[in-house]
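Contents: one structure, followed by commentary.
Read the figures in this text as sums done on the coordinates, not as results from a lab. Bear in mind that the values here come from a model prediction, so they are computed numbers and not experimental data. Virtual Cβ from ideal backbone geometry, glycine too; neighbours counted across all protein chains shown.
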Amino acid sequence: MHVNATGMISDIKILLHQGKQYIPDVTTVEVPGRFRGRPLITGANADVEKLVKLCPTGAISAQPIRIDMGKCMFCAECERTFPSNITFTKDYKISAATREGLIVGEGSDEPIVVDPNAVRSEIRKFFGKSLKLRQVSAGGDNSCEWELNAAGNVNFDMGRFGIEFVASPRHADGIVITGPISRNMAEPLQICYDAVPHPKIIILAGTDAISGGMFAGSDALDRSFLAKYPVDLYVPGNPVHPLTFINGVLGLIRGKR
Amino acid sequence: MTKALTVKNNQCVRVPEIPLLDYADFLEMNTTLVNDVYHHCVNYFGLRQPQGIRLFCCMADDAAGNILVSSANLGNLSVAYPSFSARHLSFHAFERELHESFGIRYADHPWMKPLRYAAQRADRSADIRNYPFYQIESEELHEVGVGPIHAGIIEPGHFRFICNGEQILHLEIQLGYQHRGIEPLFLNPNTLLQRTLLAEGIAGDTVVGHTTAFANLWEGLCGFNPGEDILLARTIASELERIAIHTGDLSAICTDIAYQLGSSVFGRLRTPVINTFQVWCGNRLAKGLIRPGRNQYPVTPGIAEALTRLFDAYEPDLDEMYRRMKTLPSVLARLERTGIVKQDQAERIGAVGPVARTSGLLRDIRWTHPYLLYSALHHQPIIKHHGDVYSRTQIRKQEITQSIKYIKSLLLQIPESVSPDADPVTAAPDSFVIALTEGWRGEICHCAISGPSGELILYKIKDPSVHNWLALALAVRNNDISDFPVCNKSFNLSYCGHDL
């Protein structure tokens, strides 16, 4: 009896010391310190040719100057070299329902929203309160995978919105792909997707998944899967921040037309 | 007789200085060296040249703190060569890669198992979908296949078990699913930034380990000496990454034994550590922090303050949770004597990192081939001897405590000046350079060779997982299959680091 009581007291002390760990409002919380989220671009006095050339993935285009967050590695080389032209804000809500929605233009300070008109109506109808996802790492470097795991921890707690990762495609409403899609994962990815019951969604998480990232030219990839099906949500990041993912998914399943 | 060039960690030498031996002498010398526990092979690879495949073998001398580099040329690929692996198994993965990349045939390699089905492999007809797993015909035994896609959010690989009821008799692991063809891409892009970003993506959970190896290698190749402030920032980052992942691993180990309190508390303790990376460099996994030639995000008094506050809050909670966890018989019963890797097994297969250190082997690059500020820190590797899941759990807790101590002592020595950005771009011609770092999983080795104009003609990456996956396969033998997840988590090996 004595040993059990002591043990229980230790557990209670631990719980008390941990306190309340969940972020009360994941849609408005500010991320600490530095963060490279949505970019702000001003074209004034820009050495456009140099700017375009220095981007390692060709995410920057000219006339007008645009940054494609689907190709962006968030390495901030452009911001460091041209601080008066590019600033990465702390706005982590950068997910979009369309590929074009990830492109930020010169002079724009508009928030990126998951456009409800671009979302299939059955998504909100079926998945608004409960969304079960299967994660497929298809050549991912494990950074997005760690952050998707974090999205379910006691701090970010996406489970409170009914969003969960499940152990089988049979239990899932859709798949979340990380990684540029290696050749050797092309078939397992297809088999997994085929096993998800209809209606089903596809989410791409991270630069590698959205555009191939630094691997875009590699002969070890096979991205043909993406040409076959519409993608429902693009979540940029290198890696994705849990808040970007959670807010993106909330926008997908709860956005009103 | 040792006919090899003696080099130091991060040293750049001219390729012609590397002795070119007959294959027979090359084989004899390297397989003899490895018979003493203070020598181990850190990298062994080939480079296609007009006259054949030039082989380069890098043997670490842990006692002297050197690396012995030798080479041989294979002009005739139609004959089968005697293998290094038949004499010492620790070379097995390197020779499997040489066979897969160049079609080199070995007469007596114990198991010529495909390594990663690389895109640029010699035999394009070999397909990962048709891999023939080892099978046994038996009424009493059954096979369990897991993967490539796994239940949780984790990278893919295939595990094929042969079981007698609950007991695992044999585990075969097949990797290659994560292969993205990263090594050839180092040769193609022509900017330093592109190469640095590739280095960050080798294993996204070991950004600091791999990118530091790349930065050290590149600076060595270009003859650039980083200032004290750069060395300090990289050393702190290396130890902070170790703390961040080890904390996450303690959580994962608890998850796999259904110890909910430990899973949640260690899980949430990782958050402030990686948020400190974010405060420092804008990225929780430290992407963007390490750049060759630069102190991209200096350790300012503000960052030092953030680190100090972090440890003041983090350490008591970590210690309290860990103390509680190790008093629970239900926890210890799952961890102790589970998944044992014996010392002779670890030595035979060439294990590295905490996997080696928990089986009694002193393998720690911070000790044997110090780089950054590890000499000044008088780093002492932590060695344990039971080789079980519990040892691998304990070493994580102890290394966290040690790393915190190192960072605190480094914060007392922040240099006044910040190095100006220098982007070293002039690589020495016809040169070879080797860089070793001790990532949290174990030793990382990057090697590069430059051509006549200093252009890269080879970039060879060795992640510690290449050695240690076999340790997992051996560790689970005679354990219950329900212990497989906790065994796997106690190793936490990289799939993408292995597959490149």
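If you build the convex hull over the alpha carbons only and average its shadow over all orientations, what do you get for region A:27-163? Give it in nm² to one decimal.
Here the figure is 9.9 nm², rounded to one decimal.
Longest exposed-loop-site-free stretch of chain B, with GluC sites (Glu not before Pro), DSSP loop and at most 13 other Cβ within 10 Å?
Free of exposed loop sites, the longest segment is B:167-415.
Nearest 5 percent is fine: what portion of the DSSP beta bridges confined to the protein assembly as shown is antiparallel? Before the final figure, lay out each step's value.
On the way: 63 of 82 bridges.
Close to 75 percent.
For region B:196-253, just say rounded, prolate or oblate: build the C-alpha gyration tensor, square-root its eigenvalues into a ≥ b ≥ c, call rounded for a/c under 1.5, and beyond that prolate if a/b exceeds b/c, oblate if not.
It comes out oblate by the Cα gyration axes.
State the Cα centre-to-centre distance between region B:235-307 and region A:81-116 in whole Å.
One Cα centre to the other: 27 Å.
Taking a point 7 angstrom from the Cα of A:Lys13 along the C-beta vector, which residues in region B:308-325 have backbone N less than 16 Å away?
Within reach of a label on A:Lys13: B:315-325.
In peptide A:18-30, what is the residue-averaged number of other protein chain Cβ atoms found within 10 Å of each Cβ?
Numbers: counts 8, 0, 0, 6, 1, 1, 0, 0, 0, 0, 0, 0, 0.
What the average comes to for A:18-30 is 1.
Sort all Cα-Cα distances of region A:194-257 into consecutive 5 angstrom bins from zero, then give the percent of pairs in each bin up to the one containing the longest distance.
Each 5 Å bin holds this share of Cα pairs: 4, 15, 22, 22, 19, 13, 4, 1, 0.
Kindly put B:Val279, B:Val425 in sequence by how many other C-beta atoms sit within 10 Å of each C-beta, fewest to most.
In increasing order of surrounding Cβ atoms, one gets B:Val425, B:Val279.
Just want the ordering: A:Tyr234, B:Tyr106, from fewest to most Cβ atoms lying within 10 Å of their own Cβ.
Working: A:Tyr234 26, B:Tyr106 18.
Lowest count first: B:Tyr106, A:Tyr234.
Rank the residues B:Thr31, B:Thr212 as a footprinting-exposure proxy: fewest other Cβ atoms within 10 Å of their Cβ go first.
Least crowded to most crowded, the residues run B:Thr31, B:Thr212.
Give me the percent of Cα-Cα pairs in region B:40-188 that sit more than 23 Å apart, rounded to a whole number.
Result for the distance tail: 49 percent.
Send over the Kirkwood Rh of region A:116-254, from the inverse of the averaged 1/r over different Cα pairs, rounded to one decimal Å.
14.9
Using the Cα gyration tensor of chain B, with a ≥ b ≥ c the square roots of its eigenvalues, what is the shape: rounded (a/c below 1.5), prolate (a/b larger than b/c) or oblate (neither)?
Here chain B falls in the oblate category.
Across the residues of B:172-178, average count of Cβ atoms on other protein chains within 10 Å? Mind showing how you got there, number by number?
Values: counts 0, 0, 0, 1, 4, 12, 11.
Partner Cβ neighbours, averaged per residue: 4.
Find, to one decimal place in angstroms, the Kirkwood hydrodynamic radius of region B:112-156, where the mean of 1/r is taken over every pair of different Cα atoms and then inverted.
Here the Kirkwood hydrodynamic radius works out to 13.4 Å.
Rounded to the nearest 500 deg cm²/dmol, what is the calculated helix-only ellipticity per residue at 222 nm for chain A, with -39500 (n - 2.57) per DSSP H run of length n ≥ 4?
-8500 deg cm²/dmol, from helical runs alone.
If you take the Cα atoms of region B:139-242, find Rg, then find the Kirkwood Rh from the mean of 1/r over all pairs, what is Rg/Rh?
Rg divided by Rh gives 1.18.
Compute the Rg/Rh shape ratio of region B:230-352: radius of gyration over Kirkwood radius, all on alpha-carbon atoms.
Working: Rg = 17.5 Å, Rh = 16.5 Å.
That ratio is 1.06, to two decimals.
With the crude spin-label approximation of a point 7 Å out along Cα→Cβ, what separation in nm comes out for B:Val37 versus A:Arg99?
That separation, rounded to one decimal, is 5.7 nm.
Tilt of helix A:2-18 relative to the longest C-alpha principal axis of chain A, in degrees (0 to 90, nearest 10)?
The answer is roughly 30 degrees.
Dipole of the protein assembly as shown (Lys/Arg Cβ +1, Asp/Glu Cβ -1, origin at the Cα centre): which of B:Leu458, A:His198, B:Asn30 lies farthest to the positive side?
Comparing the listed Cα positions along the dipole, A:His198 ranks first.
Given chain A reduced to its alpha-carbon atoms as identical point scatterers, what log10 I(q)/I(0) does the Debye formula return at q = 0.15, 0.16 Å⁻¹?
Once normalised to I(0) and log-transformed, intensities are -1.07, -1.18.
Viscosity 1.567 mPa s, temperature 4 °C: what is the translational diffusion coefficient of region B:377-500 from Stokes-Einstein with a Kirkwood Rh over Cα pairs, rounded to a whole number of µm²/s?
71
Once you have a ≥ b ≥ c as the square roots of the Cα gyration tensor eigenvalues for region B:5-115, tell me rounded if a/c is under 1.5, and otherwise prolate or oblate according to whether a/b is larger than b/c.
Cα axes put region B:5-115 in the oblate bin.
Give me the inter-chain shielding for A:173-185: mean count of other chain Cβ atoms within 10 Å, whole number please.
What the average comes to for A:173-185 is 5.
Return a whole-number percent for the relative contact order of chain B, with Cα pairs under 8 Å and 6 or more residues apart as the contact set.
Relative contact order of chain B: 19 percent.
Tell me, rounded to the nearest percent, the portion of alpha carbon pairs in region A:39-105 spaced more than 20 Å apart.
Value for region A:39-105: 19 percent of Cα pairs lie more than 20 Å apart.
Can you bin every Cα-Cα distance in region B:3-59 into 10 Å intervals starting at zero and give me the percent of pairs per bin, rounded to whole numbers?
Using 10 Å bins, I get a P(r) of 19, 56, 24, 1 for region B:3-59.
Quick one: angle between helix A:183-194 and the longest Cα principal axis of chain A, in degrees between 0 and 90, rounded to 10, please.
Once rounded, the angle reads 60 degrees.
Can you give the FRET efficiency to the nearest 0.05 for B:Val425 and A:Thr42, using r as the Cβ-Cβ distance and R₀ = 25 Å? Provide the component values of the computation, followed by the final result.
Numbers: r = 29 Å, r/R0 = 1.18.
That pair, B:Val425 with A:Thr42, gives E of 0.25.
Could you give the DSSP H helices of chain B that reach 20 angstrom or more along their long axis (alpha carbon positions) and whose average Kyte-Doolittle hydropathy is no lower than 0.0?
Helices meeting the criterion: B:207-222, B:228-256, B:260-281.
Take the alpha-carbon centre of region A:25-53, take the same for region B:131-204, and report the distance between them in whole Å.
A separation of 37 Å, based on Cα centres.
How far apart, in nm, are the 7 Å Cα→Cβ label points at B:Ile136 and B:Lys326?
Going from the B:Ile136 label point to the B:Lys326 one covers 3.7 nm.
Cα centroids of region A:180-252 and region B:311-341: how far apart, whole angstrom?
37
Per residue, how big is the convex hull around the C-alpha atoms of the protein assembly as shown? Give it to me in cubic angstrom, could you? Present the calculation step by step, with values, prior to reporting the outcome.
Values: hull volume 123.0 nm³, N = 757.
Residue-normalised Cα hull volume stands at 162 Å³.
Tell me the label-point distance for the pair B:Glu228, B:Ser482, using the 7 Å Cα-to-Cβ offset, in nm and rounded to one decimal.
The two pseudo-label positions are separated by 5.7 nm.
Compute the semi-axes of the equivalent ellipsoid of region B:432-500, taking the square root of 5 times each eigenvalue of the Cα gyration tensor, and list them largest first in whole Å.
In descending order, the three semi-axes are 34, 10, 8 Å.
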